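Notes for the one structure printed next.
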Amino acid sequence: MAEAKLNVELIDFTQEALSIIYASCRQCYSSKFAGDIFNEDIDEEQKEEFVRKIAASGHESPLEHVKFTFAIQGVSRALTHQLVRHRIASYSQQSQRYVKEKGFDYIVPPSIEKNKKMKAEYLKVLDNIQHSYNALLELYDQDGIRGEKANEDARFVLPQAAETKIVVTMNARQLLHFFKERCCTRAQWEIRALANEMLQLCKEKLPSIFGKNSGPKCETLKFCPEGEKFACGKYPVLTEIK
Ligand SMILES: Cc1cc2nc3c(=O)[nH]c(=O)nc-3n(C[C@H](O)[C@H](O)[C@H](O)COP(=O)(O)OP(=O)(O)OC[C@H]3O[C@@H](n4cnc5c(N)ncnc54)[C@H](O)[C@@H]3O)c2cc1C
């Protein structure tokens, strides 16, 4: 058992993303064929400018042609439970049926990390859970039940803190939506940290789409729709504008 830390890698993304979005946007307004537009010798800056304007105007469907795939580890099951609520995405997650959790790694929330007494209590519980999980597997084994049949039921005692690994693919439009929801300070700290790292990786590859207006929804709206109680203060709330 060991404490695990967030690690995100961008393992794939659509090559020629800018040209694909550009050709798709232009197809909507041009008598030309997108296949020809795609191969036109057009300045990158010109493409970026065009794509930026179109996306900012809310014409986002061309962004769906471009996808990003992330390999993620060092996150809790509490995080992935929230992540997979985003339906317009593809996921492949490490299974607790096929992978035994003998000596599972875990995530420690920062609020617990900084408090010695809390951390001691937390580690004690995790240790007890590990002990019970291993004991259950042994009892299953004595009953002649092994492998995934034993794992799938023994895992019921595992905590949300258990570390997991997941591969996620989202298209650029859905990523913008995901960042709007999950980069916001209202989002839970762990998924927010993940979303912020994913945003950085996207920014590096496609700055015209994931530029300064991407991130939490206030960056596009220029106000906070969450209301006074939840606003972080970066932008005024709607009532202040009115
Ligand atoms: C701060 C925060 C707190 C939250 N708290 C809770 C909570 O307490 N309990 C809880 O259950 N969930 C909670 N959620 C999860 C939230 O309700 C959503 O399920 C999650 O953010 C997925 O986003 P989404 O619904 O926009 O859909 P996604 O699956 O990301 O889809 C993207 C968009 O596609 C469209 N879409 C997708 N599927 C449909 C559909 N079936 N019908 C119509 N349109 C569709 C919608 O426009 C949607 O916004 C919370 C989320 C956040 C960010």
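Things to note:
- Set F68, F38, F50: member being assigned by TED's automatic domain parsing to the domain that holds C218 and closer than 30 Å to F104 by Cα: F68
- Qualifying residue in segment 125-141 (condition: within 16 Å of the ligand (Cβ to nearest atom) and touching a residue at least 60 places away in the same chain (Cβ under 8 Å)): no
- Helices (runs of 4 or more DSSP H) within segment 125-242 that include 3 or more residues within 23 Å of A56 (Cα to Cα) and not acidic (D, E): 172-182, 189-205, 218-221
- Taken over segment 49-74, the criterion of being under 15 Å from Y29 (Cβ atoms) and aliphatic (A, V, I, L, M) is satisfied by V51, I54, A55.
- Residue among Q174, Q130 that is at pLDDT 95 or above and crowded, with 20+ Cβ neighbours inside 10 Å: Q130
- If you filter segment 145-171 down to residues that are farther than 30 Å from A135 by Cα and more than 10 Å from the ligand (Cβ to nearest atom), you find that the one that is surrounded by the most Cβ atoms within 10 Å (Cβ to Cβ) is V168.
- A single entry from E49, E45, E40, E60 fulfils the requirement of being among the acidic types (D, E) and surrounded by 15 or more Cβ atoms within 10 Å (Cβ to Cβ): E60.
- I88 being under 18 Å from the mean Cα position of the chain (by Cα), surrounded by fewer than 17 Cβ atoms within 10 Å (Cβ to Cβ) and aliphatic (A, V, I, L, M): yes
The values are calculated or read from the model by the stated rules, or taken from the named source; none is laboratory data. Quick caveat: nothing in here was measured; it's all calculated off a predicted structure. Here Cβ is always computed from backbone atoms with ideal geometry, including for glycine, and neighbour counts include all displayed protein chains.
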